[in-house]
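Structure first, then comments.
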Amino acid sequence: MSNSTLDRMLAILATLAALTVACMVVGIISTRGTQDFFQTAHTIEVYGAYLATPLVAFGLRLNLGLDNFFLILYGAFFVVLTIRLRELLDPRLLTVALGAMLLTVLLDAVENHHIMTMVHSIQSALPLSPADGELQMIASQVKFHASYFAVFLFSFGFLQFGRMGRAIAVLLWLYIPCGVLISVVPVESARLLVLGRTIFFVFAFILSAVLFFSQPKTSTQPTR
């Protein structure tokens, strides 16, 4: 497969990923329903109170559905990116980077479906223990930390693509400490960090779309 074909695939995947997150943000603002609430452990009563409003419950399900689509898109993006970088980075580094990102995709899928199971249990008056929320919180944090490790390694690949690539690498580097701090500060103080983490990741996709759409169609080597 030629580099121009890979570039086109990467540009399309990055665009779709960014648009999907934009839809998720609109849905969250409109309904106040977000999976982020379930990424922190709460009592069963607090979960129930959160889902008591039909619009919030609908927004949460919509958010989870979009996120399930998003994880397919970003997973595919990094698989194609690994292939695109095969001549630019050590294959061992790429193997570890892709492995960490695929672990992120797996944990993201498990997280989403576990939240859906919790929501179903609460709305159906089925037994739910505090351990469900605690395990959900652990899975969420491990997922994000796997992504921090993965994008740090992939950032070395973006550095090979000139100024735009370096800008993307910087955004990914900012995404990492912003995310790590979320697990350090009190939950109630982490909202700006959560917003920052989302912004850095989404803008990395937006710039990636611009970068790969602008690559020469007959290019076999990255622009510098």
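Quick look at the values:
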read-out: Selection count, the stretch 6-53, where residues are open to solvent by 50 Å² or more (accessible area, probe 1.4 Å) and not in a helix (DSSP H, G or I); value: 5
read-out: Unique residue being surrounded by 20 or more Cβ atoms within 10 Å (Cβ to Cβ), over 21 Å from LEU19 (Cα atoms) and not hydrophobic (A, V, I, L, M, F, W, C) when the list is SER129, SER189, SER155; value: SER155
read-out: LEU93 surrounded by fewer than 17 Cβ atoms within 10 Å (Cβ to Cβ) and among the aliphatic types (A, V, I, L, M); value: yes
read-out: Scope the stretch 100-122; condition over 18 Å from GLY33 (Cα atoms) and open to solvent by 40 Å² or more (accessible area, probe 1.4 Å); matching residues; value: LEU102, LEU103, LEU106, VAL110
read-out: Close pairs (6 angstrom Cβ cut-off, 6 or more residues apart or separate chains): assigned to a helix (DSSP H, G or I) in the stretch 160-176, of a type in the set (Val, Ile, Thr) anywhere; value: GLY162/THR223; LEU172/VAL151
read-out: Qualifying position, being assigned to a helix (DSSP H, G or I), modelled with pLDDT under 90 and closer than 24 Å to PHE149 by Cα, among LEU103, LEU107, LEU94, LEU135; value: LEU135
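The values are calculated or read from the model by the stated rules, or taken from the named source; none is laboratory data. Since we're looking at a predicted model, the values are computed, not measured. For neighbour counting, all protein chains shown are included, and Cβ atoms are generated from backbone atoms with ideal geometry for every residue, glycine included. Heavy atoms of the whole protein, side chains included, go into the accessibility calculation; ligands, DNA and RNA do not. Shrake-Rupley method; radii C 1.70, N 1.55, O 1.52, S 1.80 Å.
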